[in-house]
1. Could you check segment 90-105 and list, in sequence order, the residues that are open to solvent by 10 Å² or more (accessible area, probe 1.4 Å) and under 24 Å from residue 17 (Cβ atoms)?
2. Pull up segment 45-80, narrow it to residues that are more than 14 Å from residue 106 (Cβ to Cβ) and of a type in the set (Lys, Arg), then point me to the one that is most open to solvent (accessible area, probe 1.4 Å).
3. Can you spot a residue in segment 81-89 that is more than 12 Å from the chain's Cα centre (by Cα) and buried (at least 20 other Cβ atoms within 10 Å of the Cβ)?
4. All but one of (1) touching a strand residue (DSSP E or B) at 6+ places or on another chain (Cβ under 8 Å); (2) open to solvent by 60 Å² or more (accessible area, probe 1.4 Å); (3) on the phi > 0 side of the Ramachandran plot hold for residue 42; state the number of the condition that does not hold.
5. Inside segment 109-124, can you point out the residues that are touching a residue at least 40 places away in the same chain (Cβ under 8 Å), surrounded by 12 or more Cβ atoms within 10 Å (Cβ to Cβ) and over 17 Å from residue 6 (Cα atoms)?
6. Would you mind stating whether residue 32 is closer than 18 Å to residue 5 by Cβ and touching a Gly at 6+ places or on another chain (Cβ under 9 Å)?
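The values are calculated or read from the model by the stated rules, or taken from the named source; none is laboratory data. Predicted model only: the values in this text are computed from it and were never measured. No Cβ is skipped: glycine too gets one built from the backbone with ideal geometry, and neighbour counts run over all protein chains shown. What goes into the accessible areas is simple: the full protein's heavy atoms, side chains included, and nothing from ligands, DNA or RNA. Shrake-Rupley method; radii C 1.70, N 1.55, O 1.52, S 1.80 Å.
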Amino acid sequence: QVHLVESGGGLVQAGGSLRLSCAASGRTFSSYTMGWFRQAPGKEREFVAVVSWSGATTYYADSVKGRFTISRDNAKNTVYLIMNSLKPEDTAVYYCAARTDYNLGYRYYEYSYWGQGTQVTVSS
């Protein structure tokens, strides 16, 4: 069992940056694959990025590739999402999620644990 709490969301102008954090409880954090997803009003939850248990491997959605960076610090039980060059279409509630296998999948239903989400709003 793992409990996830996101922070770092807010209002930013287009072109700006934010860093999201996701703090996890539990002693087995380092064994989980961690992902970030987002959901805009009226849209389905979509994959943003994923990082392997070691932090060595990452994948990104095409829409954020080159602008967002996912990383993790297993000593601090925390995963991060650095978001640069933000666009209005990045506006959404951002969720971190954990899966209990070592796959780096993008399907939200394959993730077992979810945080409560943090709102990111990008103004034009």
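1. If the condition is that a residue be open to solvent by 10 Å² or more (accessible area, probe 1.4 Å) and under 24 Å from residue 17 (Cβ atoms), then 91, 93, 95 are the ones that fit.
2. This residue is 76.
3. Yes: one or more hits.
4. (1)
5. Hit for segment 109-124 is 122, nothing else.
6. Here the answer is yes, as residue 32 does meet what is asked.
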